[in-house]
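K.L.:
Next up is a structure, given as structure tokens.
The values are calculated or read from the model by the stated rules, or taken from the named source; none is laboratory data. Remember, predicted model here, so these are calculated numbers, not experimental data. Don't worry about glycine lacking a Cβ; one is built from the backbone with ideal geometry, like all the others, and counts go over all protein chains shown.
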Amino acid sequence: MMYRRLQLLRELLREDGVIFVSIDDNEVQHLRMLMDEVFGEANFVAAVPVKSNPRGRQSDTHVASVHDYCVSYAQHERSLELNGLPLSHEHLAEFDQEDPDGRRWRELGLRQQGSGSLREDRPDMFFQIFVNPTDGTISLTPDSRHRIEVVPRKSDRRESRWMSSLEKVEIEKHRAYGRLVKTRGEYDVFIK
């Protein structure tokens with residue numbers, strides 16, 4: 001029943017539309033699976049915890065929950081434009097790069113850092129990315145221009161993983177680029 005409703009809602013959304021669904025702990029994982037199927041995993045925006053009951057739900061068995069979730073997906077993530085709160089001067093200073101059109105950005109490594117960052121943690125997020133050494137553009141398939149193969153590795157050479165899925169990298173490859181990291185003597189992939 002929920003699946004058909006979500007399909008209908010997706011059809012009704014504008015190209016730059018976003019859907020927000022409120023749900024509790026008991027069903028959030030099922031909703032995420034359904035919405036991944038209907039909207040696509042790459043269109044996931046956020047699952048925001050919302051404080052719904054400051055005293056906690058007394059009907060909960062072990063822990064009195066104080067929150068629900070607001071799960072959101074975009075019709076097309078690339079068309080999504082959320083205007084949040086203005087950044088502080090400190091945060092603005094982190095955006096130290098600028099495109100020719102004046103849009104400011106900061107560089108983030110595409111490799112997953114911290115816990116859960118090994119290949120075996122998410123095998124589906126380990127794949128090759130090919131870099132054009134002349135202009136830094138990336139491709140998911142090698143060709144005559146994109147010939148430098150990059151796979152995610154930790155500094156100790158263990159295989160790690162990317163922080164985005166293959167599907168999401170394909171969608172966002174206009175924001176991704178490769179460059180030579182001189183201190184390591186190898187190419188890596190970054191995202192704006």
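K.L.:
Collect the residues in region 149-179 that are aliphatic (A, V, I, L, M) and more than 15 Å from Arg111 (Cβ to Cβ), keeping them in residue-number order.
P.N.:
Scanning region 149-179 gives a single hit, Ile171.
K.L.:
For region 154-166, enumerate the residues that are of a type in the set (D, E, K, R) and surrounded by fewer than 18 Cβ atoms within 10 Å (Cβ to Cβ). Explain how you work it out, then say what you get.
P.N.:
Taking region 154-166 as the starting set, the residues that turn out to be of a type in the set (D, E, K, R) are 154, 156-159, 161.
Correct list: Lys154, Asp156, Arg157, Arg158, Glu159.
K.L.:
Just to be sure before I move on: is Asp121 surrounded by fewer than 13 Cβ atoms within 10 Å (Cβ to Cβ) and not hydrophobic (A, V, I, L, M, F, W, C) in the structure I sent? Full working, then the answer.
P.N.:
Details: surrounded by fewer than 13 Cβ atoms within 10 Å (Cβ to Cβ): no; not hydrophobic (A, V, I, L, M, F, W, C): yes.
Taking the combined requirement at face value, the residue does not satisfy it.
K.L.:
Determine whether region 87-109 contains at least one residue that is of a type in the set (Phe, Trp, Tyr) and either in contact (Cβ under 8 Å) with a residue 24 or more places away in the chain or farther than 24 Å from Trp162 by Cα (or both).
P.N.:
yes
K.L.:
What number of residues within region 1-28 are surrounded by 12 or more Cβ atoms within 10 Å (Cβ to Cβ) and part of a helix (DSSP H, G or I)?
P.N.:
Residues flagged as surrounded by 12 or more Cβ atoms within 10 Å (Cβ to Cβ) and part of a helix (DSSP H, G or I) within region 1-28 amount to 6.
K.L.:
Can you tell me which residues in region 134-152 are farther than 16 Å from His174 by Cα and touching a residue at least 40 places away in the same chain (Cβ under 8 Å)?
P.N.:
Pro152
K.L.:
Does Val45 satisfy the criteria of being outside the structural domain of His174 (by TED's automatic domain parsing) and surrounded by 14 or more Cβ atoms within 10 Å (Cβ to Cβ)?
P.N.:
yes
K.L.:
Same structure, new question: Restricting to region 167-183, and then to whatever is surrounded by fewer than 15 Cβ atoms within 10 Å (Cβ to Cβ) and touching a residue at least 24 places away in the same chain (Cβ under 8 Å), can you tell me which residue is farthest from the chain's Cα centre (by Cα)?
P.N.:
This residue is Leu180.
K.L.:
Now a separate question. Can you tell me which residue is surrounded by the most Cβ atoms within 10 Å (Cβ to Cβ) among those in region 51-85 that are part of a loop (DSSP other than H, G, I, E, B) and modelled with pLDDT of 85 or more?
P.N.:
Here the answer is Gln75.
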